[in-house]
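Heads up, the thing below is written out as structure tokens.
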Amino acid sequence: MKRRAFLKKAAVGLAAGAVAAPAIAQSQPGIKWRMASSFPKSLDALFGTAEQIASRVSKLTEGKFEIRVFAAGEILPALQVLDAVQNGTVECGQSASYYYIGKNPAFAFDTAIPFGMNARQQNAWMYYGGGIELMRGLFKQYNIIQFPAGNTGTQMAGWYRKEIKTVADLKGLKMRIGGLAGQVLAKLGVVPQQIAGGEIYQALERGTIDATEWVGPYDDEKLGFNKVAKFYYYPGWWEGSAQLSIYVNLKQWKALPKAYQEALEVACADANVHMLAKYDARNTEALRRLVSAGTQLRAFPRPVMEACLKAADELYGELSAKNPDFKKIHEAWKKFRDDQWLWFRVAENTYDNFVYSARRPAAPAKGAPAKKG
Ligand code: CA
């Protein structure tokens, strides 16, 4: 509907229902936006969150502010969401900012960098540690304001056709991996590739790649990776958590009524809680199903983890020397992360270590997680 026609209709509605209609319906304009997502419809935790945000915004504004959500490929290629929001092709988008490290490596802090923070620590940084403000300084250069709007929690390290027993096994491995992790692994001989979620299965099936990571059991099962690779590794050290964001074109944002801005911001914060809760609640059963269907669970050997940590630190030094945005954000981020780790070591880690080891399932690396501790 054209905006003028919509306003006219709204005015008619106002005359008929003036007594009962709440204030928002009487005073606010009808607005219709499009949101492009980087994710396919099949992934309900990721794409479904964009739909949930649109639905909440509509309800909070009594149907006045409608956002139509499009899955990856429907109106835009998956990895062009930031560009499209920047140039106003769409008013808003849902994506993972580390897809855009080719533009500026500092975008990675909005999602995850290797050996970064867990979901709670990321939220602490974003909402109370200056993270949102720091990242907005970067996004502003791209005409965008961003909102944290979901988190996957700690990810799995993905699917491999062959076992990774030593650092040397990484050499020559063609792997789909996003963000700065690809650059870390490249230092150890991996050939990283950035492929959108909906296209990974085919690449792995055809042998264009030897390995892939995506998120964790709940999503990975839906994408069918277990059918084309046998070994499922953990932990995804490149994503101690991974934050998803909603991007809004800055000009469109400024033109929104204050109440609609508030509705969108609240819906994103709500999504930030729900996506993580959904993954946490659903991953166990998915992992059980994968393992009973023959998937072999493997932990990365400690020497592999240590080599990756060393390579990550090297990369951060190089990026800081080259890119002032990266250096500025990395320094603030690292200080916050180190403080978080200091605190989490005290109560959180002690508690986790005790309860998980006191109720340890039998041989977790070989079979399904035990049904009962
Ligand atoms: Ca991932």
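The values are calculated or read from the model by the stated rules, or taken from the named source; none is laboratory data. If you're wondering where the values come from, they're calculated on a predicted model, not measured in any experiment. Backbone-built Cβ (ideal geometry, glycine too); neighbour counts: all protein chains shown.
Can you name every one of the helices (runs of 4 or more DSSP H) wholly within the range 188-307 that holds 3 or more residues which are under 19 Å from the mean Cα position of the chain (by Cα) and within 16 Å of the ligand (Cβ to nearest atom)?
Filter on the range 188-307 gives 217-223, 258-292.
Can you find even one residue in the range 49-56 that is part of a loop (DSSP other than H, G, I, E, B) and either in contact (Cβ under 8 Å) with a residue 60 or more places away in the chain or touching an Asp or Glu at 6+ places or on another chain (Cβ under 7 Å) (or both)?
no
Is it the case that some residue within the range 5-25 is surrounded by fewer than 16 Cβ atoms within 10 Å (Cβ to Cβ) and modelled with pLDDT of 95 or more?
No, the conditions are met nowhere in the range 5-25.
Report every pair of residues separated by at least 6 positions or lying on different chains whose Cβ atoms are under 9 Å apart, first residue within the range 149-167 and on the phi > 0 side of the Ramachandran plot, second in a loop (DSSP other than H, G, I, E, B) and hydroxyl-bearing (Ser, Thr, Tyr).
Listed pairs, sorted by first residue: Gly153/Ser241.
Determine which member of the set Tyr128, Tyr100 is free of Cβ contacts under 8 Å to residues at least 60 places away in the same chain and within 16 Å of the ligand (Cβ to nearest atom).
Of Tyr128, Tyr100, the one residue that is free of Cβ contacts under 8 Å to residues at least 60 places away in the same chain and within 16 Å of the ligand (Cβ to nearest atom) is Tyr100.
Answer with yes or no whether Gly179 is within 21 Å of Asp110 (Cβ to Cβ) and either within 16 Å of the ligand (Cβ to nearest atom) or in contact (Cβ under 8 Å) with a residue 12 or more places away in the chain (or both).
Yes; evaluated as a whole, the condition is true for this residue.
Sort out which residues of the range 144-169 are away from the ligand (no atom under 16 Å from the Cβ) and either more than 17 Å from the chain's Cα centre (by Cα) or outside any strand (DSSP E or B) (or both), and write them in order of number.
Matches in the range 144-169: Ile144, Arg161, Lys162, Glu163, Ile164, Lys165, Thr166, Val167, Ala168, Asp169.
Between residues in the range 106-125 that are closer than 25 Å to Gln141 by Cα and residues that are within 14 Å of the ligand (Cβ to nearest atom) and β-branched (Val, Ile, Thr), which pairs lie under 8 Å by C-beta distance while being six or more apart or on different chains?
Correct list of pairs: Phe107/Ile101; Ala108/Ile101; Pro114/Val184.
Report the residue count in the range 201-245 for those that are among the polar types (S, T, N, Q), surrounded by fewer than 17 Cβ atoms within 10 Å (Cβ to Cβ) and under 27 Å from Arg337 (Cα atoms).
0
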